1. To the nearest 20 Debye, how big is the dipole of the stretch 35-188 about its Cα centre, given +1 on the beta carbon of each Lys and Arg and -1 on that of each Asp and Glu?
2. Take every Cα pair under 8 Å in the chain that's 6+ residues apart, average their separations, divide by the length, and report that relative contact order as a whole percent.
3. Round to the nearest 10 and give me the degree value, 0 to 90, for the angle of helix 250-260's Cα axis relative to the longest principal axis of the chain.
4. Can you order the peptides 205-211, 60-66 by their average number of other Cβ atoms within 10 Å per residue, highest first?
5. Output the direction-averaged projected area (hull surface divided by four) of the convex hull of the alpha-carbon atoms of the stretch 221-330, in nm².
6. In whole Å, largest first, what are the principal axis extents of the Cα atoms in the chain?
7. Putting +1 on Lys and Arg Cβ atoms and -1 on Asp and Glu Cβ atoms, find which of Leu185, Ala125, Val242 reaches farthest to the positive end of the dipole of the chain.
8. Give the angle, between 0 and 90 degrees and rounded to the nearest 10, that separates the Cα long axis of helix 157-171 from the longest principal axis of the Cα atoms of the chain.
Amino acid sequence: MSSQGRPQAPYRETGGLDGYVPSPRALVVGLGGAGSEALRDLEELGLPSTVETLAVNTDGRHLQSLPIRERILLGQRELGGRGSGGDRSMVSRLAADARDEFSGRFRRHDLTFLLAGLGGGTGSALLPYCMDLSRQAGSLPIPVAFLPFRVEMETNPVRRENTLSALGEIERQPGLILVLANEKLRRFENQPLKRILEIRNTYVHKLVLSLVDILESPSEINLDLALLRRHVAGAGISTLLVAEGHASEPDRLLEQALREGFLDFEIRSPGPTLLHVEGGSNLTLRSLNRLLEVFRAGFHEPREFAFGARIREERLESVRVTAIVGGIGPRSVEEALGL
Ligand SMILES: Nc1nc2c(ncn2[C@@H]2O[C@H](COP(=O)(O)OP(=O)(O)OP(=O)(O)O)[C@@H](O)[C@H]2O)c(=O)[nH]1
Ligand SMILES: [Mg+2]
C-alpha cells in the first residue's frame with residue numbers, strides 16, 4: 001500500500017510482540033430495568049465477540065425476558081424477584097452481600113461499561129456501587145447513566161431523590177462518565193417512545209463500539225488502553241463524543257460531536273483530551289491536520305492533546321472522530337432537564 005497522503009507515525013514500535021499482547025477485554029453490564037433494556041438493544045445492534053455482557057436486576061420476570069446469557073437476580077429472598085419498587089437503600093444492602101460475585105466478573109475485564117436509568121431503586125443504587133467495585137477490581141469503569149424525563153422528576157419525589165443521590169456519588173468518582181439526558185430526546189417527541197429509546201441506545205452503541213474498536217485494533221498512530229488509563233487518572237471527569245462525516249468538513253463534525261450527544265456536560269475549561277481519527281484511504285495529512293486544529297479549538301485549546309489515527313481503506317472520504325474530553329463540568333440536573 002502506498003504511504004502517500006497518509007499520516008506518518010512519529011515512531012515505530014520495535015519487537016515482534018504481535019500475538020503476545022492480548023486485546024483489552026470489555027464487559028457491558030445492564031443494571032435495573034432501563035439498563036438491561038439498553039443492553040438488549042446493544043446486543044441486537046451487534047457487539048464484537050470479544051465483548052461480554054451481563055444483566056443485573058431485582059426484577060426476575062424482567063430479567064427472564066431478556067436474551068442475555070449472563071444474568072444476576074439480586075435479593076430473590078428479600079424481594080421475591082419483584083423489583084425494589086424504588087428502594088435504593090435496600091438495593092445497596094443487597095449489592096454489598098453480592099460483592100464477591102460482582103468483583104469476580106469485573107476482574108476478568110479491562111473495561112466495564114455500566115448502563116443504568118437513574119430514578120428507580122436498582123439502577124440508581126448499583127451504578128455508583130459497581131463503578132467503585134470495578135475500579136477496585138482493576139477494570140476501568142465507564143458509567144452510562146440515563147436521566148429520567150423531566151416530568152418524572154417533577155412528579156415523583158422518590159425518582160428525583162434517587163437520581164440526585166446517584167449522580168452525586170457518580171460524580172465523586174472522577175473518570176470517563178457518560179450522562180445522557182432523556183429530556184433531550186424530546187426533539188423526537190412525535191415518534192413512539194420505544195423508537196425514541198432505540199435512537200438513544202443506537203447512540204450508546206456507537207460510543208461503546210468506537211471505544212472498543214480503538215482499543216482493540218492497532219492504529220497507524222496508536223491510542224491504547226495504557227494511554228486511556230493515564231488520561232482518565234489525571235483528567236477529572238471526562239466524557240466521550242463521537243462524530244462521523246466527511247473529512248473535508250471538520251466544523252460540521254465538531255458541531256455534530258458537541259450536539260449529538262444527549263450529554264449532560266459542558267466543556268467549561270480546557271482539559272486533557274484524546275482524539276482518535278479513523279479515515280479512509282483518501283485521508284490526506286492536510287485534512288487530518290485541519291481536523292485536529294478544529295477540534296482542538298472547539299475544546300478550548302487543551303495543552304494536553306494526544307491523538308491517534310487509523311486508516312480503514314473502505315471509508316474513502318468519510319471519517320469517524322472519537323474524542324475523550326477531560327476537565328469537563330457536570331451541569332446541574334435542573335439545567336440538563338430544563339427545570
Ligand atoms: N424502562 C425504561 N426506563 C428507562 C429507559 N431509559 C430511561 N428510563 C428511566 O429509568 C428510570 C429507572 O427505571 P427502571 O430502570 O425501571 O428502575 P430500576 O433501576 O429497575 O429500579 P426499580 O424498578 O425501582 O427496582 C426511570 O425513571 C425511567 O424513566 C429505558 O430505556 N427503559
Ligand atoms: Mg425495575
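Nothing in this text is a laboratory measurement; each read-out follows from the coordinates by a stated rule. Not measured: the values here are computed from a predicted model. Note that each Cβ is placed from the backbone with ideal geometry, even for glycine, and that neighbours are counted across all protein chains shown.
1. Using Cβ point charges on Lys, Arg, Asp and Glu, the stretch 35-188 gives about 100 debye.
2. That works out to 16 percent.
3. Helix 250-260 sits at roughly 0 degrees to that axis.
4. Values: 205-211: 20.4, 60-66: 15.3.
My ranking of the peptides, most packed first, is 205-211, 60-66.
5. Computing the convex hull of the Cα atoms and averaging its projections yields 6.3 nm².
6. For the chain, the Cα extents along the three principal axes come out at 65, 46, 35 Å.
7. The residue sitting farthest along the positive end of the dipole is Ala125.
8. Tilt relative to the chain: about 40 degrees.
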